[in-house]
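Working notes, structure below.
The values are calculated or read from the model by the stated rules, or taken from the named source; none is laboratory data. These numbers come from a predicted model, not from an experiment. For neighbour counting, all protein chains shown are included, and Cβ atoms are generated from backbone atoms with ideal geometry for every residue, glycine included.
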Amino acid sequence: MSQHYEMIFILRPDLSEEQVNQAVSKYQDFLTENNATDLQTKIWGKRRLAYPIQKKVDGIYVQFNYQADGSQIAPLERMMRLGEDVMRYLTIKLDNVSSETPEDEEEAASEEPVASEA
């Protein structure tokens, strides 16, 4: 049974743009080869960390959203743990996945509720 997952990982800030793209494509290829579908990637760029990790105060954030059966998670996290380019990673299983885009949610939130008189 296929579930929706979200993974966010932080790459070292001293990586070049080419190295970041290589790392991201390596993990994307791994997921694709292991039957993950609907893979969406967002590279957030370099951001300040909440606390220093490995004596670094910045990191390059990357987000994956995908559908899979869950058997890919442990091997992917092992690859990240053994590699030197990933400082932190977190995978969560999403319960309810909305088909609305963020723009749709903003429009829905900005609409005023209509009061009905009884």
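Some notes on this structure:
- Of all residues making up the range 13-42, the number that are farther than 21 Å from R78 by Cα and among the β-branched types (V, I, T): 0
- Residues of the range 12-55 that turn out to be within 23 Å of G70 (Cα to Cα) and touching a strand residue (DSSP E or B) at 6+ places or on another chain (Cβ under 8 Å), as a count: 16
- Test result for I60, farther than 17 Å from V20 by Cβ, among the β-branched types (V, I, T) and surrounded by 14 or more Cβ atoms within 10 Å (Cβ to Cβ): no
- Number of residues in the range 73-96 that are surrounded by 17 or more Cβ atoms within 10 Å (Cβ to Cβ) and part of a helix (DSSP H, G or I): the value is 3.
- Boolean, K42 is basic (K, R) and over 16 Å from the mean Cα position of the chain (by Cα): no
- Residue in the range 59-68 that is more than 20 Å from K93 (Cα to Cα) and touching a Gly at 6+ places or on another chain (Cβ under 8 Å) present: yes
- Scanning the range 63-72 for residues that are under 21 Å from Q22 (Cβ atoms) and either touching a strand residue (DSSP E or B) at 6+ places or on another chain (Cβ under 6 Å) or in a strand (DSSP E or B) (or both) turns up Q63, F64, N65, Y66.
- Boolean, G70 is within 28 Å of L49 (Cβ to Cβ), small (G, A, S), surrounded by 11 or more Cβ atoms within 10 Å (Cβ to Cβ) and modelled with pLDDT of 85 or more: no
- Single residue of L39, L31, L15 found to be assigned to a loop (DSSP other than H, G, I, E, B) and surrounded by 14 or more Cβ atoms within 10 Å (Cβ to Cβ): L15
- Every condition in (1) under 12 Å from the mean Cα position of the chain (by Cα); (2) more than 18 Å from L94 (Cβ to Cβ); (3) loosely packed, with under 14 Cβ neighbours inside 10 Å holds for V24 except the one numbered (3).
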